[in-house]
Amino acid sequence: MTDHILVERQGAIQIIRMNRPDKKNALTRAMYATMSKALADGDADPAVRVHVFLGVPGAFSSGNDLADFLVIATGGEGGNEVWDFLMALAKTEKPMVSGVDGIAVGIGTTLNLHCDLTFATPRTVFRTPFVDLGLVPEAGSSLLAPLILGRQGAFALLGLGEGFSAERAKAAGLIYEVVEEDGLEAAALAAAGAIAAKPPQALKIARDLMRAPRDELVARFKVESERFSERLKSDEARAALTAFMTRKKA
């Protein structure tokens, strides 16, 4: 458990808030583990009808904590926390809503591909610099992004690493709505409340029909994970990560 993830209930809504503002919500292994448990606990509780992901003002998430990546890149071992979280996203039976403000990098972008509704503020920029770090797309994004954005839009996001403004993300179908910063959480929670009021079994069936088949998604997770692990231990990724961390410290 970690106090960098705050989990609370508002009626039938479970809120999972990333709360590491000093690091712009860079996700550690402990944070992934806490979010996985929250999703599992919420799914197991009949009183919970919907999950909501939120960040802090100006930062949804800056992505995976690169210090964890660098440990693996320089010969250390990683845990299964990221994998467990991805599996939780794939297996979650209840709808997921996200409210994104400001920085949304890496998993801070790809997490939203799994959400049923995403709200974002005008200052939000979605970016996935995987290739720039010598890595490859993750979280099923290589499957989901082409389905949502089209092949060329997906390549711009995942290959070129272009930043997508909130307006561009909405036009591309990556998010549902753009709302002002002071109304973001209210909009996300209002949508979650509307979802929670629906007949749950009918909604579950409808949601399952609209989502990518779980078996296909899990299979893509496995392929991405294998490639990602290989790349993490490559000279190219090691050099890119070390250079990035050096610039960051400077």
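Numerical summary
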{"item": "Packing rank of 216-228, 106-118, 19-31, where each peptide gets the mean count of other beta carbons within 10 Å, highest leading", "result": "106-118, 19-31, 216-228"}
{"item": "Violating pairs (Cα-Cα greater than 31 angstrom) within the set LYS24/LYS204; LYS24/LYS94; LYS37/LYS198; LYS37/LYS233; LYS23/LYS233", "result": "LYS24/LYS204"}
{"item": "Per residue value of the accessible surface for region 123-176 (all protein chains in place, 1.4 Å probe), Å²", "result": "44 Å²"}
{"item": "Distance between modelled label sites at ASP208 and THR246, nm, 7 Å Cα→Cβ extension", "result": "5.3 nm"}
{"item": "Carbon plus sulfur fraction of accessible area for region 143-250, probe 1.4 Å, in percent", "result": "57 percent"}
{"item": "16 Å cut-off, amide nitrogen to a point 7 angstrom out along LEU160 Cα→Cβ, residues in region 125-144", "result": "126-132"}
{"item": "Top of PHE119, PHE155, PHE53 by mean-square fluctuation, Gaussian network on the chain, Cα under 10 Å", "result": "PHE155"}
{"item": "Dipole magnitude of region 197-238, debye to nearest 20 (Cβ charges: Lys/Arg +1, Asp/Glu -1, about Cα centre)", "result": "280 debye"}
{"item": "Residue among ALA212, ALA169, ALA237 with the largest mean-square fluctuation in a Gaussian network model of the chain, springs linking Cα atoms under 10 Å", "result": "ALA212"}
{"item": "Cα-based convex hull volume of region 122-169 per residue, rounded to whole Å³", "result": "68 Å³"}
{"item": "About the Cα centre, charge dipole magnitude for the chain (Lys/Arg +1, Asp/Glu -1 at Cβ), debye", "result": "200 debye"}
{"item": "Per DSSP, loop GluC sites (Glu not before Pro) in region 76-109 with at most 12 further Cβ within 10 Å", "result": "GLU77, GLU93"}
{"item": "FRET efficiency, 1/(1 + (r/R0)^6) with R0 22 Å, evaluated for VAL131 and GLU216 via beta carbons", "result": "0.40"}
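The values are calculated or read from the model by the stated rules, or taken from the named source; none is laboratory data. Just so it is clear, the structure is predicted and the values come from calculations on it, not from any experiment. Virtual Cβ from ideal backbone geometry, glycine too; neighbours counted across all protein chains shown. What goes into the accessible areas is simple: the full protein's heavy atoms, side chains included, and nothing from ligands, DNA or RNA. Shrake-Rupley method; radii C 1.70, N 1.55, O 1.52, S 1.80 Å.
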